[in-house]
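The block underneath contains the structure these notes are about, expressed in structure tokens.
The values are calculated or read from the model by the stated rules, or taken from the named source; none is laboratory data. Just so you know, these numbers come straight off a predicted model, no measurement behind them. In this analysis, Cβ positions are derived from the backbone assuming ideal geometry, glycine residues included, and neighbour counts consider all displayed protein chains. The area values use the complete protein model at the heavy-atom level, side chains included, leaving out ligands, DNA and RNA. Shrake-Rupley method; radii C 1.70, N 1.55, O 1.52, S 1.80 Å.
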Amino acid sequence: MDPGFRSPLLDFFRRGEVAHDIRLLAAQGALAPRAQEQLALLVLLSDDADGEIARSARATLDALPPEALRAFLARSDTPHEMKTFFAASGIVPADAAVAIDIDGPLVDTLAELPEEPDPAEPEHKTLSSLSVLQRMKLAMKGTREQRATLIRDSNKLVSAAVLASPKVNEAEVESFTKMGNVSEDVLRIIGTNRSWVKNYGVALGLCKHPKTPPAIAMSLVQRLNEKDLKMLAIDRNAKEGLRLLAKKMVSKGKG
């Protein structure tokens, strides 16, 4: 069942790139970023080829608080596919708009975060010893310092969970674009988020990062001011095609 909602984290599940144990925990309501993403994930997993996962997702859907669910369905940004899915079970949107926290899940069966890292151990060593699910949980609900470590995690699900976190802000996203050891996937997710790339610092960071997909960098370079174009034109870390484009724009008086 297509929930009519897309996100980088959800796409991993849609493509079947998530291990059975994490899919099962997500179906049980343990992996819960925002309400919209959680509902989309549960709708998707309710039709999973694995019977155990599909049954768990349906059981979690049945256990959702009805008033909160109806209030969410009444929102104008709730996909039509989701409304149709729940209407088939007799669940319809609330008659009037009701305030609801969309930056939190409707249900969370694994609300407790892993214990605080041992101060005697390096943060990165402590976090790397946690399970993938625990790291994803910290990525979505932990501290800014933990997100700065987990955005560089070798597991794509973990870094995607950082970017799905309701707590992440533009200043953090800009700092991610300046990290040399983030993956191309992280930069692609940032570069395809319309809200984030409106931030000049984010756009500049993406243009300067050598791992940014060329198509994204080329589309953003048009927004740079003359000073930054000149710097980009001589930046040896930037890709050659981008340097040449920046040089061409400077010569034409773009700024």
What value, in deg cm²/dmol to 500, does the helix sum -39500 (n - 2.57) over DSSP H runs of n ≥ 4 give at 222 nm once divided by the residues of the chain?
-15000 deg cm²/dmol
In whole Hz and in residue order, list the ³J(HN,Hα) couplings for segment 44-58 that follow from phi through the Karplus curve 6.51 cos²θ - 1.76 cosθ + 1.60, θ = phi - 60°; x for Gly and Pro.
4, 6, 5, 10, 5, 5, 7, x, 4, 5, 4, 5, 5, 4, 5
Kindly sort MET231, MET249 by accessible area of their heavy atoms, largest first, with the probe set to 1.4 Å.
MET231, MET249
Two-decimal Rg/Rh of segment 143-194 from alpha-carbon positions, Kirkwood Rh?
0.89
Would you please state the base-10 log of I(q)/I(0) at q = 0.18, 0.24 1/Å for segment 156-255, with intensities from the Debye formula using one equal scatterer on every alpha carbon?
-0.77, -1.25
Within 10 Å, count the other beta carbons around each residue, average over each peptide in 235-241, 200-206, and list them highest first.
200-206, 235-241
Taking a quarter of the surface of the convex hull around the Cα atoms of segment 26-112, what do you get in nm²?
5.5 nm²
In segment 190-227, whose amide N lies under 17 Å from the spot 7 Å out along Cα-to-Cβ of LYS248? List them in ranges.
214-224
Highest average packing first - 69-75, 147-153, Cβ atoms within 10 Å:
147-153, 69-75
Counting only protein heavy atoms and using a 1.4 Å probe, what share of the accessible area of segment 181-227 belongs to carbon plus sulfur, as a whole percent?
54 percent
